[in-house]
Structure formats: C-alpha cells, structure tokens
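Below is one structure, written out as structure tokens; the observations come after it.
The values are calculated or read from the model by the stated rules, or taken from the named source; none is laboratory data. Computed from a prediction, not measured in an experiment: that's the story for all the values here. Don't worry about glycine lacking a Cβ; one is built from the backbone with ideal geometry, like all the others, and counts go over all protein chains shown.
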Amino acid sequence: MSSIFEITQKDASGRIGKLVTRHGTIETPTIMPVINPNIPLIDIDEMKDIGAQILITNSYIIYRSEKLHDKALNEGLHELIGFDGPIMTDSGSFQLSVYGDVEITNEEIIDFQKKIGSDIAVPLDIPTPPDVSYEKASSEINTTVERLKKAREKFTDDMLLAGPVQGSTYSDLREKCAQELTELDFDVYPIGAVVPLMEDYRYSKLVDVIVSSKKGLKPSSPVHLFGAGHPMGFALEVALGCDLFDSAAYALYAKNKRYITVYGTYHLENLHYLPCSCPVCANYTAQELKSAENNVELLAKHNLYVTFEEMNLIKQSIKEGDLLELVEQRCRSHPRLLEALKTMYKYSDWLEKYNPVTKSTIFYCGPESSKRPEVLHFSKRIERFTVNGSAIIRSNSTKQDDEFDNILMFKPPLGTFPVELLETYPFNIETISSPDYESIEVALLNTIKLIEQNPEANFTFVYEYDLYHPLLDKISEMANLVRKYE
Ligand code: GUN
Ligand code: ZN
C-alpha cells in the first residue's frame, strides 16, 4: 500500500499532500483534534466547521469502558463518535508510558481497532522517553518492532496501519528504527514519545529527533508527529517534513483556563484584550470570557480556531514558497524555538535535498537566514562559475567597472556572482543594506571559494562595509582588496 499518500507541493522538507483513507481523502499538513470519547468538549459538527478533516481518539479508553466498548463494537467507531470522516485510533501506548502498565495485549488492541472500524490503527508500541540509557532504548525498539511486525502481518486490508518510530533521544536509533519500519511497509509513520520534549520546550532536541527519524523513512511516506498540538511549533515541524499532528492541547489548555496563540499561551486571568478575531473572540470581550459559565468550551473553540488558522497559513506559505520565512518568524517567539531554528539549519544539507531549486524571492530575516539551504545550494554551485581575465567584485557599481573583463556582485549572505544574475533567483534575495556578521562571513567564505577556483583570474575586491571580518585578511592575500571605509 504505497500510493495512499500523494505529495502535490513542496517547500523546504515540508509538503502539501493527500492521504487516502477509507472514509475519505484528507489534505495534509493537518491537525487531528483528539476526541475524548467520554466527554467531547466541542460539538463534532462545529469541529468540522473549524477545519477538522480527520479526528483521533483512543481505542484503549473505548475498550476499557463497558458502555463505549459495546457500542463501538455494535455500531462502529464512526457512529460512536458521530463523525463520518476518517478517524485514527491510538492504542493505549501513551497510557503505558504514563502509568507503566496497560491491561491489554498488542494483538487484542489491534484486533479491537479493526473490529470497530478505525481508519488508521496504531499497534501497542513502547514510547521510550528521552534520555534513557542506550541499552534500554535499543531493547525497547526491538519489542516495538516485533509488535509492529505482528500487526503488519495480520492486516493487509484497507485499514491503514501506523508504525511509530521510537529510539528516545538517540539519533542513530531513531534512524535505524525508521529504516526497519520502512522495510515492514507501514501506511503512516508517527514519530513517538516526543511529548516530554515539547513539555520541557526542548525544541532543539525535537529537531534532532524529527530529522533522524525522517532520514530513515522514505521521503514519500506520511509522517505524524505524535502529541504535537501547540501551534507555535507547527511551522518548524512542517518544514522538517511532518504531515499529521494531533491536538489534545486545545482541550487540555482550555481546562486549565489557558488561551493559545501562535506566540505562546495566556492564562485567562491575565487577559485584558483578546488578540484574535475568531468567532469566539469577536463575540466576547476578555471580561465576558472570564465570567462566562461555559468558558472552558469557549476557550477550547478559540484554541482550535488558532490551531487551524496556523496550519492554513503554513499551507499558504508552502504554496508561496516562503515557509522558511514563516519558520524564522515563529522561531523568534521563544528562545528555545530560536535554538531549534539554529539546529534546523545545521541540517541545511539535508533540507537542501528536498527544497525546490527555484521559488519566490528569499527574504533575509536575520543572521540565521545565512544558513538557509538556498545559500548552501549556491555555495555548492560556485564551481560552475568560471572567471577569466580581470574581475571586479563589488556591491554597488563603481566608476572603474568598465576597466574589468568581469563585473561580479558581492551580496551577503550569498557571496560573489556575475552581476547579470542579480535579478534572478536566488540572487534577488531581499536583504538588509548593512549586512550582519554572519551573512558577511558566509559571503566571504563563498567569495574565497570562487577566487581559489579561478587561480588564473585577477580579482579586485571592493569591500564596501565598515564591519571588519578576519576573512578579509585572507582575501587580501588572494586579491587586490580595497576597503571603502578605511
Ligand atoms: N501519543 C503520544 N506519544 C505516543 C507514542 O509514542 N506512541 C503512541 N502510540 N501514542 C502516543
Ligand atoms: Zn479567538
């Protein structure tokens, strides 16, 4: 079953795709609101209006409840939940990770999911938490893979089967686990046991976990980030190649009287204004929301609105080709996210493989942009430029330009390139006129590369910025360096 996911548009490692289930096709990236089958907080039809295409619920909770168990078996999961679109069911593994034990076997819960008519089922994987010993992570992967293998052998019909990637915080184990699961051929690959990382704001580690898991999967496989429900990380997580998210956050935060925004969360008590225009926030003042009897439900709705709004913005950004600009903006709302952005660009080499080779004009958003995959892509292609004779490298035209055989443009963070290319992608990057240290560094490194590759040519480098960088000393040994502000 390999054609259930079709990718229609890409940006960075993010993509818009279509996932086919037996209750319909959904467009990804998307969020699956978590439904508590005992007490749904929001009416299911309203959830659809807010944007839910697919829901997720916990088959173990249904299994354990006498009332729900029989109803689900007799009438089916969709009737029980009151939703005719696709429903994914989790297995009780999360309960296993929180309470240490569940009263069910892998075979029983997977059988049950099948019988109640789940669209995407999850076997009983072991969510190995972060920072356990390597041996423990490794041996728990073996148990997880064994159970997943049993589930895969058993189900070959049109119920989709998820194979969660585990491996704690060990990149090599995550990659290896993902490779083993790929061999078994699952339909959806959740990245498991990342909730503790997100709870502790360890977004940088989360980037490592996502990238290493993705490296072991096929790029064409749909990936679910298990338990990721706060919209502040969505842009980053989608850019790394996650397609499905599940949000219990909208309800859990509401129960704690917390109001979600993409920049972070407010406690209802501290809200004086409502910085949102969803139907809830348009109809209530902060004061009214505080005193509303049903404010948990209202908060849950607002939380869900902002969650879907962010996903729509992300999808629009993928279409526009400016997802990384959005990621860079979002990652400035918390220092831990800024760290994660820096970590993401450590993987620029990997991102570059999936990034479209041409897209809309890049916007420079700060020092981190110097490490973008597009900049790296250019630096790898410098060897394609051959320079013969004399060449002037400068940022603005000079009176001497005509005296040279070649006129080259110096534009941080890219570096040096023929001036004729200035209006074309990626050289048309919108950048700042007083470049920062990081962008100058990358540009100088790329310039050195160009000069070294053309030893016969004779370069004059007119450096027009007052910011000193030690690489200028190196350039002065290779070229005639003119510093304008000296
Ligand atoms: N929910 C959150 N994390 C996990 C996980 O690792 N596995 C399963 N099955 N459910 C989860
Ligand atoms: Zn709102």
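The table that follows gives values for the structure above.
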| read-out | value |
| --- | --- |
| In the stretch 454-464, residue surrounded by the fewest Cβ atoms within 10 Å (Cβ to Cβ) [restricted to those that are in contact with a strand residue (DSSP E or B) (Cβ under 9 Å, 6 or more places away or on another chain) and in a loop (DSSP other than H, G, I, E, B)] | GLU464 |
| Residues that are surrounded by fewer than 17 Cβ atoms within 10 Å (Cβ to Cβ) and either more than 21 Å from MET311 (Cβ to Cβ) or free of Cβ contacts under 8 Å to residues at least 12 places away in the same chain (or both), drawn from the stretch 261-270 | HIS267, GLU269, ASN270 |
| Residue satisfying condition, being modelled with pLDDT of 95 or more, under 16 Å from ALA248 (Cβ atoms), surrounded by 17 or more Cβ atoms within 10 Å (Cβ to Cβ) and touching a Leu at 6+ places or on another chain (Cβ under 6 Å), within set ILE116, ILE56, ILE50, ILE120 | ILE50 |
| The stretch 60-94, residues that are out of contact with any Phe, Trp or Tyr (no Cβ under 6 Å at 6 or more places or on another chain), under 20 Å from LEU148 (Cβ atoms) and assigned to a helix (DSSP H, G or I) | TYR60, SER93, PHE94 |
| Flag if PRO196 is under 16 Å from the mean Cα position of the chain (by Cα) and touching a residue at least 40 places away in the same chain (Cβ under 8 Å) | no |
| Selection from the stretch 428-486 of residues that are within 28 Å of CYS365 (Cβ to Cβ) and aromatic (Phe, Trp, Tyr) | TYR437, PHE461, TYR463, TYR465, TYR468, TYR485 |
| All positions within the stretch 187-236 that are within 13 Å of ligand 1 (Cβ to nearest atom), of a type outside the set (A, V, I, L, M) and at negative phi | TYR189, PRO190, GLY192, PRO196, GLU199, SER213, HIS224, PHE226, GLY229 |
| Candidates LYS399, LYS353, filtered to the one that is charged (D, E, K, R) and not in a helix (DSSP H, G or I) | LYS399 |
| Residue within the stretch 391-401 that is surrounded by fewer than 19 Cβ atoms within 10 Å (Cβ to Cβ) and under 34 Å from the mean Cα position of the chain (by Cα) present | no |
| Among (1) within 23 Å of ILE432 (Cα to Cα); (2) touching a Phe, Trp or Tyr at 6+ places or on another chain (Cβ under 6 Å), the one test that ALA391 misses | (1) |
| Residue match in the stretch 33-46 (condition: in contact with a Cys (Cβ under 9 Å, 6 or more places away or on another chain) and either within 24 Å of PRO279 (Cα to Cα) or surrounded by 20 or more Cβ atoms within 10 Å (Cβ to Cβ) (or both)) | no |
| Filtered residues of the stretch 209-243 (kept if over 26 Å from ASP349 (Cβ atoms) and in a strand (DSSP E or B)) | none |
| Members of the stretch 155-166 that are surrounded by fewer than 15 Cβ atoms within 10 Å (Cβ to Cβ) and touching a helix residue (DSSP H, G or I) at 6+ places or on another chain (Cβ under 9 Å) | ASP157 |
| Considering residues of the stretch 247-260 that are within 16 Å of ligand 1 (Cβ to nearest atom) and surrounded by fewer than 23 Cβ atoms within 10 Å (Cβ to Cβ) only, the residue nearest to PHE94 (Cα to Cα) | ALA248 |
| Enumeration of residues in the stretch 199-216 that are of a type outside the set (Gly, Ala, Ser), in contact with a strand residue (DSSP E or B) (Cβ under 9 Å, 6 or more places away or on another chain) and surrounded by fewer than 23 Cβ atoms within 10 Å (Cβ to Cβ) | none |
| Residue within the stretch 424-446 that is over 19 Å from SER379 (Cα atoms), in a loop (DSSP other than H, G, I, E, B) and among the hydrophobic types (A, V, I, L, M, F, W, C) present | yes |
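Residue by residue, here is whether (1) small (Gly, Ala, Ser); (2) touching a residue at least 60 places away in the same chain (Cβ under 8 Å) holds:
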{"residue": "GLN95", "(1), (2)": "no, no"}
{"residue": "ASP101", "(1), (2)": "no, no"}
{"residue": "GLY117", "(1), (2)": "yes, no"}
{"residue": "LEU124", "(1), (2)": "no, no"}
{"residue": "THR143", "(1), (2)": "no, no"}
{"residue": "GLU146", "(1), (2)": "no, no"}
{"residue": "THR156", "(1), (2)": "no, no"}
{"residue": "ASP208", "(1), (2)": "no, yes"}
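For (1) assigned to a helix (DSSP H, G or I); (2) within 20 Å of ILE42 (Cβ to Cβ), each residue gets a yes or a no:
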| residue | (1), (2) |
| --- | --- |
| TYR259 | no, yes |
| HIS272 | no, no |
| GLU293 | no, yes |
| LYS301 | yes, yes |
| VAL306 | yes, yes |
| MET311 | yes, yes |
| GLU325 | yes, no |
